[in-house]
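Notes for the one structure printed next.
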Amino acid sequence: MAERVEQRLEDRIPELEQLERVGLFTRKEIRAVLRKASALEYKIQRRALRKEDFINYIQYEVNLLELIKKRRARTGYSFKKDEIEHSILHRVHSLFNRATGKWKDDVQLWLSHVAFCKQWNAKHQLSKVFSTMLAIHSNKPALWIMAAKWEMETRLSSESARHLFLRALRFHPECPKLYQEYFRMELMNAEKQRKEKKEFEQAKMDLGEFNYSEEILNGEMARIVYRDASQKIKGVEFQLAVLSIAKLFDFTQDLQKEILESLQARYADDPLTWDYMARRELELGSLQPTEHTTKQKKVSEMAQREERCCAVFDEAVRAVPTEDMWKCYITFCLERYNRKTNSKELKQKRLERTLSVFSKAHESSLLSEALYKQWLQLLLDSNLSEKAVEVAEAATRHFSQSVETWQMRLQVLIQLKRDDVTQCFEEAIKHVKSKGTLPLWTLWVEWSEGTNSKEDTEALYQRSLHATTPAESVTVKEMYLDWTYRNCGYKKVKRLFTSLCENRPFSLDFFRKMIQIEKEQESCKMLHLREYYERALREFGSTNTDLWLDYIKEELSHPQGKPENCGSIHWRAMKMLQGDLVEEFVSKYTLLQTGHL
C-alpha cells in the first residue's frame, strides 16, 4: 500500500513544481498540499474502503482547482494548463470512476460526477459517464432525460438525443415524462432547423449542400412521437401536457389542432377536458389592435371572455354532472375573483358569478366538504353573514359525521355572536362519534371561557373529560389545569391536579405546567416540587433525560433543595433510562457538573 501511495505522490510532483515555478503557490503551500494528499491517499488505499474518504478526496481536489483558478485570475497567468489543471482533472475523474465502480447504486455519486464534468467542460468524459451510468441505472427515466437534454442542448446533436430517447423508451415504453421530453426535443430540433434555414435564405446562400426536410421543419417527427405515445399512454393529463408543449412553438398549429381533436374525441367525459376547453376561451382575445384600447374597453372585453368561459362550463356541468366537474368550475370562478382589478363592476360581477355557481353545485348535491369551507369564507369576507349561517347549516346536513364541518359551522356562529351556539355544540356532539371530537370540545371550552360563568365552564371541562377518549383527554387536562389556575387560584388548581392524577394517561406538559405554577408562588415549596417531579418521572422517567436533569437542577438551586439527593437521582436515572438515552444523560450531566448546561 505504501508503495502505491508513494507512486501517486511522485506522479503529482511535475504539476506541483510547475505551480511553484510559475508563482501560483509557495514552497510552504506545496508541502502542505503533499501532506494532505498523502493522508487522503492512504485512506483510499485501505482494504475497507469508505465512500466518505473518496468524497473528501474529490472535494479537496475540486477546492484546489478553484484556488488555482482564482490565483490565475489574480496574477493574470494563463499558461501551463495542460501540465497543471489537466493533471488534476484526470485524477478527479479517476477518483470518481473508482467510487462509482465501488458504489454503483449511489445515484447521487454519479450525478456529482456529471456536475463536475459540466463545470469543467469535460464533454468527452461526460459522454462516457452518461453511457456507464445509463447501463447501470437504466430503470430511472430522469437520467435518460438528463443525458438526452445534454446531447441536444450542449452538444447540439439531435441524432444522439433521439437515439437516447428511443433506447429509454425500450426500457420504459409507458413513461409519460419520457414521451413529453422526446416530443419537446423533436419540436426544438425543428425550430432550430427553421431558424438556420431562414438565416441562410436571408444571407442568400445556396441551400443545396444542406438537407432540410420539409417534414422535419413542419414538426412531423413530433407528430409521430405523439401518435405513438397516444396509443400507449391513456389519460387526459398526458394529452394536455403535450398540448401545452406544442403551444410553445409557433409552427405547430396543425399539430395542436390534431391533439385537441383527439382530446375531445377520446376524453369528452373527463372534467379536465372541459376545464381546458373553457379556459381556452380566455386566450382567444379580441382580433382588434389593443394599442389604443381604453381601460373600459379592456374591462368589457375581459368580461365577455369570462362569460364565454362560463358558457362552456355551464355546458360541461350539464354533460358531466360530477363533483369533480363542479370543482373545476368553482376553482375557475375563484381564480378570476381573486385576480386584482381596478374595476369595481367587474369585481362585483365575478363575486356574483362565483356565489351563483356555489349555489347551483349545492342544489345539485355535488359540493365537496372543502368547497363548502371556501364558500363560507367567501360569504364571510363579503359580509353576507345570514347566508353564511344557512350554508354552514346545509354543510352539516350533508356531512353530519364530519368534525371539520361542524367546527366550521360553530366558528361561523361564534364569529357572528349568535345565540344558538350552545345548541349547535350539543347537536354536533350528538351527531359525531366520540372518537375525534377533541377539536369540538376544545372549541366549546375556549368559547365558554370568554362567554359563560366559571361554574358553567368548569362543568363543561368535567363533561369533556368523560366524553373524550383517554388519549384526547390529555389535552383537555392541560387546558383545564391552566384555566383553573388563571381563574380560581393556587389552592383550587392543586386540588384539581391531585384529582386529575387519578386517571391516566398524562402528558409531560401537564406535569411541567404544575411545576411552573408551583415555582410562580411566593412561598415555592421544594416538597411540592419533589412530589410533581416524582409523579412525572413515574410516567416519563424511562424516555426523557431532561426531566431528570431539571429535577437535579432544582435540588441544586432551590433554597430548600438538598444537593445530597443528586447522587440518588443520578443513580435512579441510570437504572430507569433506556437504550441510547443513558449515554445522552451522562453527557448532559457532565456538562451540568462543569457549568456548561
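The values are calculated or read from the model by the stated rules, or taken from the named source; none is laboratory data. Nothing here was measured: the structure is a model prediction, and the numbers come from that model. Note: ideal-geometry Cβ built from the backbone for every residue, glycine included; neighbour counts use all protein chains shown. Side chains are part of the model used for accessible areas, which takes the heavy atoms of the whole protein and leaves out ligands, DNA and RNA. Shrake-Rupley method; radii C 1.70, N 1.55, O 1.52, S 1.80 Å.
Which GluC sites (Glu not before Pro) in segment 124-213 pass both tests, a DSSP loop state and at most 15 other beta-carbon atoms within 10 Å? Before the final figure, lay out each step's value.
Values: sites: E151, E153, E159, E174, E181, E186, E191, E196, E199, E201, E209; in loops: E174, E209.
Of the GluC sites (Glu not before Pro), the ones in loops of segment 124-213 whose Cβ has at most 15 other Cβ atoms within 10 Å are E174, E209.
Assuming R0 = 56 Å, can you tell me the calculated FRET efficiency for the pair K80 and Q202, based on Cβ-Cβ distance, to the nearest 0.05? Show your work: numbers first, answer last.
Numbers: r = 44 Å, r/R0 = 0.79.
FRET efficiency, K80 to Q202: 0.80.
Note down the nm distance, to one decimal, between modelled labels 7 Å out along Cα→Cβ at K28 and at K360.
8.2
Of the cross-linked pairs K81/K118; K123/K149; K43/K102; K247/K295; K140/K177; K198/K257, which ones have a Cα-Cα span greater than 20 Å in the structure shown?
On the way: K81/K118 18 Å; K123/K149 14 Å; K43/K102 15 Å; K247/K295 29 Å; K140/K177 11 Å; K198/K257 25 Å.
Pairs exceeding the cut-off: K247/K295; K198/K257.
Would you mind classifying segment 1-103 by shape? Square roots of the alpha carbon gyration tensor eigenvalues, ordered a ≥ b ≥ c; an a/c under 1.5 is rounded, otherwise it is prolate if a/b is larger than b/c and oblate if not. Spell out each step's value before the answer.
Details: a/c = 2.24, a/b = 1.72, b/c = 1.30.
Taking the square roots of the gyration eigenvalues as a ≥ b ≥ c, segment 1-103 is prolate.
Here are some pairs, K128/K234; K36/K128; K454/K525; K347/K433; which of them have Cα atoms lying more than 32 Å apart in this structure? Can you show the working numbers first?
On the way: K128/K234 36 Å; K36/K128 30 Å; K454/K525 28 Å; K347/K433 42 Å.
Pairs exceeding the cut-off: K128/K234; K347/K433.
What residues from segment 46-64 fall in the zone where the backbone N is under 18 Å from a label point 7 Å along the Cα-to-C-beta line of T154?
Of the residues in segment 46-64, 62 have backbone N under 18 Å from the label point off T154.
So which chymotrypsin sites (Phe, Trp or Tyr not before Pro) in segment 122-214 end up in coil per DSSP with only 11 or fewer other C-beta atoms within 10 Å? List each step's numbers first, then the result.
Details: sites: F130, W144, W150, F165, F171, Y179, Y182, F183, F200, F210, Y212; in loops: F210, Y212.
Answer in residue order: F210.
If I require 27 Å or longer along the helix axis, counting alpha carbons, and a Kyte-Doolittle average no lower than -1.0, what helices from the chain are left? Use full DSSP H segments. Let's see the in-between values first.
Details: long enough: 2-21 (28 Å, -1.46); 51-75 (36 Å, -0.77); 176-202 (39 Å, -1.81); 295-319 (36 Å, -0.84); 344-363 (28 Å, -1.19).
Correct list, ordered by number: 51-75, 295-319.
Loop only per DSSP, at most 14 neighbouring Cβ atoms within 10 Å: give me the trypsin sites (Lys or Arg not before Pro) in segment 298-394, ordered by residue number. Write out the running numbers ahead of the final one.
On the way: sites: K298, R305, R308, R318, K327, R336, R339, K340, K344, K347, K349, R350, R353, K360, K373, K387; in loops: R339, K340.
Sites meeting the loop and neighbour criteria: R339, K340.
Where only protein heavy atoms count, and the probe is 1.4 Å, what is the accessible area per residue for the chain in Å²? Could the numbers behind the result be given before it?
Values: 33240 Å² over 597 residues.
On a per-residue basis, the chain sits at 56 Å².
Just to verify a number: FRET efficiency for E426 and Q231, C-beta to C-beta distance, R0 = 60 Å, to 0.05?
The formula returns an efficiency of 0.50 here.
222 nm [θ] for the chain, helices only, -39500 (n - 2.57) per DSSP H run of 4+, per residue, to 500? Don't jump to the answer; show the numbers that get you there.
Values: 30 runs with 451 residues, N = 597.
Dividing the helical sum by the residues of the chain leaves -24500 deg cm²/dmol.
With a ≥ b ≥ c the root eigenvalues of the C-alpha gyration tensor of the chain, is it rounded (a/c under 1.5), prolate (a/b larger than b/c) or oblate? Write down the numbers at each step before the final one.
Values: a/c = 2.77, a/b = 1.16, b/c = 2.40.
In terms of gyration-tensor shape, oblate.
Find the relative contact order for the chain and round it to a whole percent, using C-alpha pairs within less than 8 Å whose residues are 6+ positions apart. Please list the in-between numbers first.
Values: 451 pairs, mean separation 26.3, N = 597.
Taking the mean separation of contacting Cα pairs over the length of the chain, I get 4 percent.
At a 1.4 Å probe, what is the % contribution of carbon and sulfur to the accessible area of the chain? Walk me through the numbers before you get to the answer.
On the way: 16430 of 33240 Å².
The nonpolar share, carbon plus sulfur, comes to 49 percent.
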